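Below: the structure, in structure tokens.
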Amino acid sequence: MINVVLALSTFEAGAEAIASAIEFSRVKEAKLFAVFVLDSTVPTAIFDKLTDIGFIGEKPGAELESAVSAEYRRQAAATLVEVKQAADATGVDCEVEVAEGDFVDKSLEAVARHSADTLIIVRTRKSFLSRLLTGTGMENLIRQAPCEIKVFEA
Amino acid sequence: MIPLSPETARVKVDARPLGIVVLSRSARIFAFIAIALLFWAIVSWPTPKGLTPIGQRALAIFVVSLILWVSQLLPLAITSLFAIVALPMMGVMDKAKAYSLFGNEAVFFIMGAFILAAAMVKSGLSSRVALFFLKRFGGGARQLILGLLLVPAFMAFWMPEHAVAAMLFPITLEIIHSLELRPGQSAFAKSVFLAAAYGAIIGGVATFLGGARNPLAIAILRQTTGQSIGFLEWMVAVVPTVLILLVVAYFLILYFFKSEITDISRASAVLEARIKELGKPTVEERMIGLIMLIAIVCWITIGKAVGLANIAITAVVLMFVFKLVSWKDIEDYVNWGVILMYGGAIALGFGVESTNAAGWVAKSTVLSWSLSPLMLITIIVTLSIFLTEGISNAAVVAILLPLGITVANSFGIDPKVMTLAVAVPSGMAYMLPMGTPANAIAFSSGFIKVKDMVKIGFILNIISIIVFMVVAKVYWPLLGLKF
């Protein structure tokens, strides 16, 4: 049986792409590991800028960061429940997990941990501006992935 | 295919071409070297006619500060520190004068306003007021959006807009959760976050308390011309624009994000539950509210005579006299970098104006074009509103206002008009997440995409320019503000 890792994050997820990933696993009779990375890069960049340009104090900054983290966890849990339910419904063996940190690092860690043959990532179509703001992690991941990589556009 | 163990996974491999890797890692150094060379070039260039050597040095400091503020290669406050050190070192002004500008009344007013806002947030008074008004808008989805626009707008009249946006964020999240809305799927969720952000932004231009750029603009006006705009005078001039823009923003949000839900009873229940959780107002909340109310009345009625900063600091002292807040609370809630930023910006503004560097730039550029005052103000307003999308709104004021006031004098435009034309639009950043903290907070929710913000924000920018200009041309002459 081949192993497939589906890497998702707050800024890189989409229902159609998730469905495509599940269908790919079903056709290949693969075991699917869905990893939702709580990517700290984007909120950290946002709150660093807020401190700098908005002169937000330490405590309100920390409170905001914790509210955002809690929100990302909630979104991760809801997405993974959907993935699990959809996989179960199509008979795909699926495990879900949440990781915290850099999207590229955590995705590569999941690939190594599960000895994945294929890494599936969801790429949201973005404008130049969006890419500037949410980084180019996806391109780095595509370059560094040690296995077959499939990119689904959300 | 190379198998990757967990150990090797921790090693980051930069697979880009070597030249790109070296360039990207040394870009920052090259940028600083280029800025230093530009500074040297401006200082050592033969002094042009109409510019004094001291003015030339002031201009060099201004250009470097402008680049650093725009590029944000350094934190804004550190760039201001650079300016305040460079001005006496380059002989532009006496060091005693440069450092004394940190003690400007505007800086102390801003400090006082931030401390008062911190007390309101810490005590829970701001959340109580927000919830009290929000629950009155629980009749339906459209009504809730209206509430989420009006409540932060009204609150940003009396406390910094970023504090309002930060305070409202957990409330908006709870509303979203109660309605089980999902990112990427819900237009109503987008409208909730955008309404809260735009409400705070639009309301933040109405008084000196909504954004520190407003007192900064007044300080630059006073330092360069000796004139000033009072608290009430500002409100009377700006509030009509605010009211019109709130109406426009409401309909634009409804148009762009058509709500997929009608029943918001669960959101209303959440608001009710939050209010119940807060219980009855504490003595501290009542006292802080009373002191804030007295301060507002004083700013409006006797602000010009007594001094805005004196009223703000007296209110802060009273809060400590009654033990309503502790110094630890204030330290946690206030970012003291604000003092460095604004002190430096005022000193730089004074430096370029007093050495006639601003006058020379104006003569070499704007004054050589045959513009009508109306065209000039339109250009300034447009420049302010689009510049503020990319850089801090305080930096927009620090960069544009010293030049703007000089140009205004040459065109026979009331400098107060120019001050309003720079300061008010510089607070209207709707398009980009990093334009202003309120947008960044909304974007960080994960519910809004950049393209959502750009689309509606651009239209709101254009409408803001039109509304501002119409109000300025039709209504301001009634207040004696003519151009």
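The values are calculated or read from the model by the stated rules, or taken from the named source; none is laboratory data. Only a predicted model underlies this, so the values are computations on that prediction, with no experimental measurement involved. Methodologically, a virtual Cβ is constructed for each residue, glycine included, from the backbone with ideal geometry; neighbour enumeration extends over all protein chains shown.
Could you tell me whether the stretch B:343-361 includes any residue that is within 14 Å of chain A (Cβ to nearest Cβ), assigned to a helix (DSSP H, G or I), within 19 Å of A:Gly54 (Cα to Cα) and without any contact (Cβ under 8 Å) to a residue 60 or more places away in the chain?
no
Listed here are the residues, each with its yes/no results for (1) farther than 18 Å from B:Leu216 by Cα; (2) crowded, with 18+ Cβ neighbours inside 10 Å.
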site	(1), (2)
B:Ala77	no, yes
B:Leu87	yes, yes
B:Ala96	yes, no
B:Ile115	no, yes
B:Gly147	yes, yes
B:Ala156	no, yes
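With the requirement that a residue be assigned to a loop (DSSP other than H, G, I, E, B), in contact with a helix residue (DSSP H, G or I) (Cβ under 6 Å, 6 or more places away or on another chain) and over 30 Å from B:Ala166 (Cβ atoms), what does the stretch B:407-449 give you?
B:Ile413
With respect to B:Leu232, is the statement that it is under 24 Å from B:Ala440 (Cβ atoms) and among the hydrophobic types (A, V, I, L, M, F, W, C) true? Don't jump to the end; show me each part of the working.
Details: under 24 Å from B:Ala440 (Cβ atoms): no; among the hydrophobic types (A, V, I, L, M, F, W, C): yes.
Considered against the rule, which asks whether it is under 24 Å from B:Ala440 (Cβ atoms) and among the hydrophobic types (A, V, I, L, M, F, W, C), B:Leu232 comes out as no.
Any residue at all in the stretch A:87-101 that is at the interface with chain B (Cβ under 10 Å from one of its Cβ atoms) and modelled with pLDDT of 85 or more? Break it down into steps so the answer makes sense when it comes.
Step one: filter the stretch A:87-101 for residues at the interface with chain B (Cβ under 10 Å from one of its Cβ atoms), giving none.
No, there is no match, as no residue in the stretch A:87-101 is at the interface with chain B (Cβ under 10 Å from one of its Cβ atoms) and modelled with pLDDT of 85 or more.
Looking at the stretch A:5-35, which of the residues that are farther than 19 Å from A:Arg74 by Cβ and assigned to a loop (DSSP other than H, G, I, E, B) is farthest from the other protein chains (Cβ to nearest Cβ)?
Selected residue: A:Glu29.
Quickly run through the stretch B:421-461 and pick out the residues that are within 11 Å of the chain's Cα centre (by Cα), of a type in the set (Val, Ile, Thr) and closer than 23 Å to B:Ile175 by Cβ.
The one that is within 11 Å of the chain's Cα centre (by Cα), of a type in the set (Val, Ile, Thr) and closer than 23 Å to B:Ile175 by Cβ: B:Thr436.
Can you pull out the residues in the stretch B:150-171 that are β-branched (Val, Ile, Thr) and under 26 Å from B:Pro425 (Cβ atoms)? Walk me through how you get there before you give the answer.
If we filter the stretch B:150-171 for residues that are β-branched (Val, Ile, Thr), which is where we start, we get B:151, B:164, B:171.
The answer is B:Val151, B:Val164.
I need the full set of residues from the stretch A:36-80 which are hydroxyl-bearing (Ser, Thr, Tyr) and either part of a strand (DSSP E or B) or more than 9 Å from chain B (Cβ to nearest Cβ) (or both), in order please. Talk me through it step by step, then tell me what you get.
Quick first cut of the stretch A:36-80, residues hydroxyl-bearing (Ser, Thr, Tyr) only: A:40-41, A:44, A:51, A:66, A:69, A:72, A:79.
Scanning the stretch A:36-80 gives A:Ser40, A:Thr41, A:Thr44, A:Ser66, A:Ser69.
Looking at (1) surrounded by 15 or more Cβ atoms within 10 Å (Cβ to Cβ); (2) within 29 Å of the chain's Cα centre (by Cα), find the lone condition where B:Tyr255 falls short.
Checking B:Tyr255 against (1) surrounded by 15 or more Cβ atoms within 10 Å (Cβ to Cβ); (2) within 29 Å of the chain's Cα centre (by Cα), the one that fails is (1).
For every residue, the table says whether it meets (1) surrounded by 21 or more Cβ atoms within 10 Å (Cβ to Cβ); (2) within 14 Å of another protein chain (Cβ to nearest Cβ); (3) hydroxyl-bearing (Ser, Thr, Tyr).
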{"position": "B:Ala395", "(1), (2), (3)": "yes, yes, no"}
{"position": "B:Asn409", "(1), (2), (3)": "no, no, no"}
{"position": "B:Val424", "(1), (2), (3)": "yes, no, no"}
{"position": "B:Met453", "(1), (2), (3)": "yes, yes, no"}
{"position": "B:Gly457", "(1), (2), (3)": "yes, yes, no"}
{"position": "B:Phe468", "(1), (2), (3)": "yes, no, no"}
{"position": "B:Val474", "(1), (2), (3)": "no, no, no"}
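Please enumerate the residues belonging to the stretch A:30-41 that are under 12 Å from A:Asn3 (Cα atoms), surrounded by fewer than 24 Cβ atoms within 10 Å (Cβ to Cβ) and either hydrophobic (A, V, I, L, M, F, W, C) or at pLDDT below 90 (or both). Can you show your working first?
If we filter the stretch A:30-41 for residues that are under 12 Å from A:Asn3 (Cα atoms), which is where we start, we get A:30-34.
Still in the list and also surrounded by fewer than 24 Cβ atoms within 10 Å (Cβ to Cβ): A:30-31, A:33.
A:Ala30, A:Phe33, listed by residue number.
Please verify whether A:Val98 is surrounded by fewer than 18 Cβ atoms within 10 Å (Cβ to Cβ), within 19 Å of the chain's Cα centre (by Cα) and farther than 30 Å from B:Ala394 by Cβ, treating the condition exactly as stated. Full working, then the answer.
Working: surrounded by fewer than 18 Cβ atoms within 10 Å (Cβ to Cβ): yes; within 19 Å of the chain's Cα centre (by Cα): yes; farther than 30 Å from B:Ala394 by Cβ: yes.
So A:Val98 passes the test.
From B:Val283, B:Val297, B:Val316, B:Val321, grab the single residue that is surrounded by fewer than 20 Cβ atoms within 10 Å (Cβ to Cβ) and under 25 Å from B:Met235 (Cβ atoms). Break it down into steps so the answer makes sense when it comes.
On the way: B:Val283 fails: under 25 Å from B:Met235 (Cβ atoms); B:Val316 fails: surrounded by fewer than 20 Cβ atoms within 10 Å (Cβ to Cβ); B:Val321 fails: under 25 Å from B:Met235 (Cβ atoms).
Testing whether each residue is surrounded by fewer than 20 Cβ atoms within 10 Å (Cβ to Cβ) and under 25 Å from B:Met235 (Cβ atoms) leaves just B:Val297.
Quick one: B:Ser370 ticks every box in (1) in a loop (DSSP other than H, G, I, E, B); (2) away from every other protein chain (no Cβ under 14 Å); (3) in contact (Cβ under 8 Å) with a residue 40 or more places away in the chain except a single one, so which number is it?
Failed condition: (3).
Are any residues in the stretch B:359-378 under 28 Å from the mean Cα position of the chain (by Cα) and closer than 16 Å to B:Gly412 by Cα, and if so, which ones?
Just the residues of the stretch B:359-378 that are under 28 Å from the mean Cα position of the chain (by Cα), to begin with: B:359, B:361-362, B:365-366, B:373-378.
B:Gly359, B:Ala362, B:Val366, B:Pro373, B:Leu374, B:Met375, B:Leu376, B:Ile377, B:Thr378 - these are the residues of the stretch B:359-378 that are under 28 Å from the mean Cα position of the chain (by Cα) and closer than 16 Å to B:Gly412 by Cα.
Conditions tested, residue by residue: (1) over 25 Å from B:Val297 (Cβ atoms); (2) assigned to a helix (DSSP H, G or I); (3) more than 9 Å from every other protein chain (Cβ to nearest Cβ).
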site: B:Arg136; (1), (2), (3): no, yes, yes
site: B:Gln143; (1), (2), (3): yes, yes, yes
site: B:Leu146; (1), (2), (3): yes, yes, yes
site: B:Pro152; (1), (2), (3): no, yes, yes
site: B:Met159; (1), (2), (3): no, no, yes
site: B:Pro170; (1), (2), (3): yes, yes, no
site: B:Leu173; (1), (2), (3): yes, yes, no
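Would you be able to tell me the number of residues in the stretch B:186-200 that are within 12 Å of chain A (Cβ to nearest Cβ) and within 19 Å of A:Phe55 (Cα to Cα)?
Residues meeting the conditions: 1.
B:Ser126: closer than 23 Å to A:Glu58 by Cα and of a type in the set (S, T, N, Q), yes or no?
Values: closer than 23 Å to A:Glu58 by Cα: yes; of a type in the set (S, T, N, Q): yes.
Spelling it out, B:Ser126 is indeed closer than 23 Å to A:Glu58 by Cα and of a type in the set (S, T, N, Q).
Condition first: over 22 Å from B:Ile171 (Cα atoms), charged (D, E, K, R), touching an Asp or Glu at 6+ places or on another chain (Cβ under 9 Å) and not in a helix (DSSP H, G or I). Can you find one or more residues in the stretch B:305-325 that meet it? Before the answer, list the steps.
Filtering the stretch B:305-325 down to residues over 22 Å from B:Ile171 (Cα atoms) leaves B:305-325.
Still in the running and charged (D, E, K, R): B:323.
Subsequent filtering for residues that are touching an Asp or Glu at 6+ places or on another chain (Cβ under 9 Å) retains B:323.
Keeping just the survivors that are not in a helix (DSSP H, G or I) gives B:323.
So far as the stretch B:305-325 goes, yes, one or more of its residues are over 22 Å from B:Ile171 (Cα atoms), charged (D, E, K, R), touching an Asp or Glu at 6+ places or on another chain (Cβ under 9 Å) and not in a helix (DSSP H, G or I).
Within the stretch A:102-120, work out how many residues are touching a helix residue (DSSP H, G or I) at 6+ places or on another chain (Cβ under 9 Å), under 11 Å from A:Leu8 (Cα atoms) and either facing another protein chain (nearest Cβ under 9 Å) or part of a helix (DSSP H, G or I) (or both).
Total satisfying the criteria: 3.
Looking at the stretch B:279-301 only, could you name the residues that are free of Cβ contacts under 8 Å to residues at least 24 places away in the same chain and of a type in the set (A, V, I, L, M)?
Result: B:Val283, B:Leu290, B:Leu293, B:Ile294, B:Val297.
Could you tell me how many of the residues in the stretch B:175-185 are buried (at least 17 other Cβ atoms within 10 Å of the Cβ), assigned to a helix (DSSP H, G or I) and facing chain A (nearest Cβ under 9 Å)?
Looking only at that region, the number is 1.
Show the residue pairs that are 6+ apart or on different chains and have beta-carbon atoms under 6 Å apart, the first residue being within the stretch B:429-444 and over 11 Å from B:Leu194 (Cα atoms), the second being modelled with pLDDT under 90 and of a type in the set (Lys, Arg).
B:Met434/A:Lys49
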